[in-house]
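A.B. asks: One structure is given below, represented as structure tokens, and several questions about it will come after.
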Amino acid sequence: MTHAFDFSVPRVIGFMRRMLPGLKTSEDMTALGLLRDGELTAGVLYEGFNGKNVWMHVAAAPGKRWMVREYLLAAFAYPFWLCGVERISGYVDASNAAARRFNTHLGFTEEARLRQAAADGGDVILYVLWKRDCRFLEAIRSVPSLAEG
């Protein structure tokens with residue numbers, strides 16, 4: 001099985017909307033998609049870069065193995081090393097237990113709750129991952145194509 005990256009914002013947005021139908025887009029979005037045998041199986045969108053923070057959105061095809069090391073490392077190398085942010089922010093509906101587990105597994109911590117802000121009437125949880133707390137940054141140094149950034 002071969003994998004490659006896809007940086008096409010329109011293709012990654014189209015893929016991600018199949019998993020996140022309410023996904024909104026902005027003009028400043030950048031994308032990192034994962035192609036497995038030529039098929040998009042995961043996508044990350046970044047938006048709202050302000051010099052200190054960037055917002056990250058993640059989606060993956062159900063049942064597909066997509067968390068390959070290089071893709072996971074690239075997903076953090078881009079905002080922390082190339083963009084130079086100190087933090088990555090994201091949000092998840094409180095009812096989405098799988099996404100909440102995924103965020104905490106990656107090292108994100110809950111920063112705030114927006115009460116009754118989700119489409120289902122529940123809370124939206126805001127998550128943050130600080131550069132100083134990102135356990136992937138040291139591993140990025142061992143991948144020459146990522147460490148050059």
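A.B. asks: Name every residue in the range 102-122 that is over 19 Å from the mean Cα position of the chain (by Cα) and acidic (Asp, Glu), in order of residue number.
C.D. replies: 120
A.B. asks: Could you go through the range 58-70 and let me know if any residue there is within 21 Å of residue 22 (Cβ to Cβ) and either more than 15 Å from the chain's Cα centre (by Cα) or of a type outside the set (A, V, I, L, M, F, W, C) (or both).
C.D. replies: Yes.
A.B. asks: Restricting to the range 11-55, what's the tally of residues that are at pLDDT 95 or above and within 26 Å of residue 130 (Cα to Cα)?
C.D. replies: Number satisfying all stated conditions: 23.
A.B. asks: Among the numbered criteria (1) at pLDDT 95 or above; (2) closer than 19 Å to residue 31 by Cβ; (3) out of contact with any Gly (no Cβ under 7 Å at 6 or more places or on another chain), which one does residue 112 miss?
C.D. replies: (2)
A.B. asks: Name the pairs whose Cβ atoms lie under 6 Å apart, with the first residue in the range 1-24 and surrounded by 14 or more Cβ atoms within 10 Å (Cβ to Cβ), the second of a type outside the set (D, E, K, R) and part of a loop (DSSP other than H, G, I, E, B), and 6 or more positions between them or separate chains?
C.D. replies: Pairs that qualify, where the first residue is surrounded by 14 or more Cβ atoms within 10 Å (Cβ to Cβ) and the partner is of a type outside the set (D, E, K, R) and part of a loop (DSSP other than H, G, I, E, B), are 3/68; 9/29; 13/25; 16/23; 17/23.
A.B. asks: Okay, moving on. Within the range 1-25, can you find the residues that are part of a loop (DSSP other than H, G, I, E, B) and either closer than 20 Å to residue 93 by Cα or within 14 Å of the chain's Cα centre (by Cα) (or both)?
C.D. replies: 7, 20, 21, 22, 23, 24, 25
The values are calculated or read from the model by the stated rules, or taken from the named source; none is laboratory data. If you're wondering where the values come from, they're calculated on a predicted model, not measured in any experiment. Neighbour counts are summed over all protein chains in view; Cβ atoms, including those assigned to glycine, are modelled from backbone coordinates with ideal geometry.
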